[in-house]
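Only the coordinates and a few stated rules stand behind these numbers; no lab work does. Computed from a predicted model, the values in this text were never measured in an experiment. Quick reminder, even Gly has a Cβ in these numbers, built from the backbone with ideal geometry, and neighbours come from all protein chains shown.
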Amino acid sequence: MIDLDSHLLRAFLAVAEIGTVSGAAATLNRTQAAVSMQLRKLEDLVGVKLFSRSSKGLSLTEQGRIMLPYAREIVTLGDEAGKRLTGKTIRDRIRLGVVEDFAAGHLIEILRNFRDQNPDIEIDIIIEPNRRLAELFNNGALDVAVCDSTCLPRKPTLTWTEYLMWTVRSDFVVDAGKPLPIIMFEEGCPWTIPTTGALSQRNIKWKTACVASTLVAMATAVRVGIGIGPMITSTQPEGCRTLDKSSDLPGPIRIEIGLYNQPEIAEGARYLVEFIARHAAMLPA
């Protein structure tokens, strides 16, 4: 039997999130030597290397990635038990910024469960485009942000893979003799480049049939039948479908969504981040 000390696990989680012992030490209010010792003790305890070390910092090994969700679960459950036994509840207000495409899909169930379990935590949900969310986060106007991982030059707490699917109205017919009418993201959107790049790689004749600045605009243009829109499956509107492979379009476009939190956040925001991490199975693989 392995007795996993929560103090060791907290050090492990901090280093896994930040990527350096010095950064983790500052967050935990411990010395670098203490954090390094705790990591070594944990690795000795489990009998495997949890981090690979380089001049750029520390990154999780395969065994470290296996340990990560268990460490989060153990630490969070311990915190929850303490709160329930003492009758303590968290009262806080969180500024959560979410890209519209993600807020309309996978995150709803997680936030609903969080709210049901933490009725005294208020959440201000700010829906903005990816780059605007990054700007707000960098300016300290958000506690937590969920946006495209290319928009923020820092390591996310968690990352999920999403795919943009070529979406059309159910009765839409592709005319092979004409350029494909593509509903394109606005120029500043980080998904514009991979979308146009995927089309260019296949040497496909296409045209911009419409520019959509929001998810609602994209969904409306698709439902009206203006053209083909790249959309996350969970946001595809009713009466629409994904084009099959026979359309000669490139495959689904891979994008990465990251969860970010400020280095110093209130207890409620920290608990929300941990809650999302614990329920990551509800999110895309």
Original post:
Using 1/(1 + (r/R0)^6) with R0 = 25 angstrom and r between the beta carbons of K205 and T242, what's the FRET efficiency to the nearest 0.05?
Top reply: 0.75
Original post:
To the nearest µm²/s, what D does Stokes-Einstein give for the range 44-150 at 4 °C and 1.567 mPa s, using the Kirkwood radius over alpha carbon pairs as Rh?
Top reply: 77 µm²/s
Subject >> Built amide H within the under 5 Å cut-off of I228, gap 5+ >> reply: I182, I183
Original post:
Between N138 and H7, what length comes free when the chain is fully extended (0.36 nm per residue of separation minus the Cα-Cα distance, one decimal in nm)?
Top reply: 44.1 nm
Subject >> For the range 1-41 versus the range 130-208, the gap between their alpha-carbon centres in whole angstrom >> reply: 36 Å
Original post:
Among residues other than A217 whose Cβ falls under 13 Å from its Cβ, what is the net charge (Lys/Arg +1, Asp/Glu -1)?
Top reply: -2
Original post:
Tally Lys and Arg at +1 and Asp and Glu at -1 over the other residues with C-beta under 12 Å from the C-beta of N138: what net charge comes out?
Top reply: +2
**OP:** Report Rg/Rh for the range 170-285, rounded to two decimals, where Rg is the Cα radius of gyration and Rh the Kirkwood radius.
**Re:** 1.07
Original post:
What share of all Cα pairs of the range 83-212, in percent, falls into each consecutive 10 Å distance bin?
Top reply: 10, 32, 28, 18, 8, 3, 1, 0
**OP:** Jot down the radius of gyration and Dmax of the chain, Cα atoms only, both in angstrom.
**Re:** 21.8, 70
Subject >> Value in Å of the Kirkwood radius, where the range 123-164 supplies the Cα pairs that are averaged >> reply: 11.0 Å
Subject >> Debye intensity ratio I(q)/I(0), log10, the range 6-85, q values 0.14, 0.15, 0.24 Å⁻¹ (C-alpha model) >> reply: -0.43, -0.50, -1.17
**OP:** Compare L45, L107, L272 in a GNM of the chain, Cα atoms joined below 10 Å, and give the one with the largest fluctuation.
**Re:** L45
**OP:** Run the dipole for the chain about the Cα centre, Lys and Arg Cβ at +1, Asp and Glu Cβ at -1, nothing else charged, and hand back the magnitude in debye, nearest 20.
**Re:** 520 debye
